[in-house]
Amino acid sequence: MTIYIGREASKLWKRICAETTTEINLLFENWKFILACLIFQYIHGLAARGVHYLHRPGPTLQDAGFFLLPELGQDKGYISETVFTCLFLSFVLWTFHPFICKSKKIYTVLIWCRVLAFLVASQFLRIITFYSTQLPGPNYHCREGSRLARLPQPESVLEVLLINFPRGIVFGCGDLIFSSHMIFTLVFVLTFQKYGTQRFIKQLGWLIAVVQSLLIIASRKHYTVDVVVAWYTVNLVVFFISKKLPELPDRTSGAASLLLPLSTKDRDIKNKEENHKLLNGNSVDPDRVW
């Protein structure tokens, strides 16, 4: 038994080392893209804090979801956050599963390149919408009489740039249309729907997305329109962005060099050039064939 455990541990360690080497190489080739996307996450948080300065508390708007779903209450608002946190952590762990599992369908770096592209596009649209019209926040800390409903005018630029994470995000107001929680939830579920292998978990993911939507409304963190707009906007964003990004390399062929070309057109041109070289020799200029 001890020999067997030692042998399996040695195999696992070798697998982790091999995956680490591969992922580091991919990271070196994509670090600019990943860094730009991460910087935009800060810009998104900065925009959300900025709109809080513009927020004006007022009567909660008439909402169909508020009428249909019972209010959870301020003391149970943690339920939706707990569901979201579990989904977030589960997805992150899944993206790193190639480091320890034998079945390897994805590259961790490449899958996060796609996820970050979806998030940035969705968040960019979100910034445009919540700055276009500021609605009175339905959340408890955004209502009239709450000291958190309005931010005092900043005394310096530094005060604006320090977004007070995570408190400044959790207790933000005004960044309503559309829900940021639903952006992350739907991007994660859609990504696993395409690249995951377990059918049951895919179905569970969609169920969690529906439950998360209902909990957000029941917790009065967003209006129903914020959730509804997120559902069709994020799905459309993922659909169109996916067409611009190449498919992930097939792990069985070891093709790790195909890393986020600008479009499928560029990939077709590259394939055509390679075919010309094979037919006419490496020294022949493919443009001269025509």
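The values are calculated or read from the model by the stated rules, or taken from the named source; none is laboratory data. Since we're looking at a predicted model, the values are computed, not measured. Heads up, the Cβs are rebuilt from the backbone with ideal geometry, glycines too, and the neighbour counts pull from every protein chain shown. These area figures cover heavy atoms from the full protein model, side chains too; ligands, DNA and RNA do not enter into them. Shrake-Rupley method; radii C 1.70, N 1.55, O 1.52, S 1.80 Å.
Summary of computed values
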item	result
Förster radius 22 Å - calculated FRET efficiency between S10 and H97, Cβ distance, rounded to 0.05	0.65
Solvent accessible area, Å² - V189, 1.4 Å probe, full protein context	10 Å²
Violating pairs (Cα-Cα greater than 27 angstrom) within the set K11/K194; K32/K243; K32/K102; K202/K244; K105/K244	K11/K194; K32/K102
Which of T233, T95, T133, T22 is most accessible, then next, and so on - probe 1.4 Å	T133, T22, T233, T95
